[in-house]
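Visitor: Please read through the structure below; I'll follow up with questions.
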Amino acid sequence: MQLRRQRTIAQPAEFCGFGFLTGADVTLRFLPAEENTGIRFQRIDLKGSRPIPATLEYVVPRQRRTAISDGEATVELIEHAMASLAGLQIDNCLIQLDGCEVPGADGSSMGFVQVLLDVGIVEQDALRSVLVVRQSSRHATDDGQIEIVAGPVSRHTLVVSYELDYGPGSPITPQRLTFEASPENFVSSLAFARTFILEKEAAALKAEGYGSRVTEKDLLIFGAAGVIGNQLRIADECVRHKILDCIGDFALLGCDVQGHFRAYRSGHNHNHAICRQVLAANASGLTLQRAGWAASVRRTERGLTSRSQLWPSWFMTSTKNREMDWYD
Ligand SMILES: [Zn+2]
């Protein structure tokens, strides 16, 4: 198995927007980070607040989103920023923000991806650890309405299959998609897919005091007749967003994953649950990969021409031309 080197960004990148929950303006900065430090979030609006590792042990229970906390500081709605980093294989990054939640942007990861690609990605010396799923795991609700299964995959990569089904009569039609993770596939197939919500769910959130600044232009709101005041970027945008959420949540494992995850109607909490199970069932797989590093290092070094490769300049241009005309 070919192990890859860890990566970070070449320079700081900034993204400004407002939080979908609180409506507050937030400035977020992605900063380069040392190898083996992983992804961490730091609240610079709180005096003395330390970086919080974006890993499973810091996840706190929430509905419809992913949040982390170290007991003193909390960062809400991290999943789309996490997906952008995992999707681009950026392993080490300190994310500083001056509010309690990541900016909602357009409900997708595209804005984050663009600023990250603009500053460039560099390889580091250390190798990225990989968790190989050898033992299957399953997480399901008692009523069988939600299920997520993780099992081995023949390809040396992460594969996510998702089946979205809101039942008969829903304005969101049933959708299925299988995604094989790579930076190219992430940018061209997932990064643009926006958050969606049913009109009645949006009303309930507003009644609780959330999302007062969010309009139908900021994400996809589905009424009985379909999307309200907005247009889908692609017919199956919803299932693509659900896989984007999976990519962001699976990144909480803090390593690459080789396995096939099959999800039926799962949400963030189920994604976290299957990750905990996969980690428990396959811990030896991670150790085995580490033991085999020496040989892999030699192979990897022979295959590399430069330790400091910027993202190819053609990447965004060609992707934009091919796939994203409707994005602008
Ligand atoms: Zn999402």
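Visitor: Suppose every Lys and Arg Cβ carries +1 and every Asp and Glu Cβ carries -1, with no other charges. What dipole size does the range 30-76 come out with about its Cα centre, to the nearest 20 debye? List each step's numbers first, then the result.
Guide: Values: 7 positive and 7 negative charges, 51 e Å.
It comes to approximately 240 debye.
Visitor: Mind putting a number on the dipole of the range 32-148 about its Cα centre? Charges go on the C-beta only, +1 for Lys and Arg and -1 for Asp and Glu, and I need it in Debye to the nearest 20. Each step should come with its number before you reach the end.
Guide: Values: 10 positive and 18 negative charges, 37 e Å.
For the range 32-148, the charge dipole is close to 180 debye.
Visitor: Further question: So, with +1 on the Cβ of K and R and -1 on the Cβ of D and E, and no other charges, what is the size of the charge dipole of the range 5-302 about its Cα centre, to the nearest 20 debye? Intermediate results must be reported in sequence, preceding the final value.
Guide: Numbers: 30 positive and 35 negative charges, 141 e Å.
Once rounded to the nearest 20, the dipole reads 680 debye.
Visitor: Using helices alone, what [θ] at 222 nm do you get for the chain, with -39,500 (n - 2.57) per DSSP H run of 4 or more residues, divided over all residues and rounded to the nearest 500?
Guide: On the way: 8 runs with 86 residues, N = 328.
That calculation yields -8000 deg cm²/dmol at 222 nm.
Visitor: Simple spin-label model, 7 Å along Cα-to-Cβ: GLU14 to ALA281 in nm?
Guide: Rounded to a tenth, the inter-label distance reads 4.6 nm.
Visitor: Restricting things to Cα coordinates, could you compute the convex hull volume per residue of the range 5-302 in Å³?
Guide: 135
Visitor: How about the range 204-240: which trypsin sites (Lys or Arg not before Pro) there are in a DSSP loop, with at most 15 other Cβ atoms within 10 Å of their Cβ? Spell out each step's value before the answer.
Guide: Details: sites: LYS206, ARG213, LYS217, ARG233, ARG240; in loops: ARG213, LYS217, ARG233.
Taking the range 204-240 and a limit of 15 other Cβ atoms within 10 Å, the loop trypsin sites (Lys or Arg not before Pro) found are ARG213, LYS217.
Visitor: Would you kindly compute the Cα radius of gyration of the range 92-147 and its largest Cα-Cα separation (Dmax), both in Å?
Guide: 18.2, 47
Visitor: So between ALA273 and HIS156, what do we pick up on full extension, going 0.36 nm a residue minus the alpha carbon distance? Please list the in-between numbers first.
Guide: Numbers: separation 117, 0.36 × 117 = 42.12 nm, distance 2.30 nm.
Working it through step by step, the gained length comes to 39.8 nm.
Visitor: Continuing with the same structure: Set the Förster distance to 45 Å, then compute FRET efficiency between SER182 and ALA225 from the Cβ-Cβ distance, nearest 0.05.
Guide: Once rounded, the FRET efficiency stands at 0.75.
Visitor: Between the helical axis of 314-323 and the dominant principal axis of the chain, each derived from Cα atoms, what acute angle in degrees is found, rounded to the nearest 10?
Guide: 30
Read-outs throughout are calculated quantities, based only on the coordinates presented, and are distinct from any laboratory measurement. It should be emphasised that the depicted structure is a prediction, and the values quoted were computed from it without experimental measurement. Cβ atoms come from the backbone with ideal geometry, glycine included; neighbour counts cover every protein chain shown.
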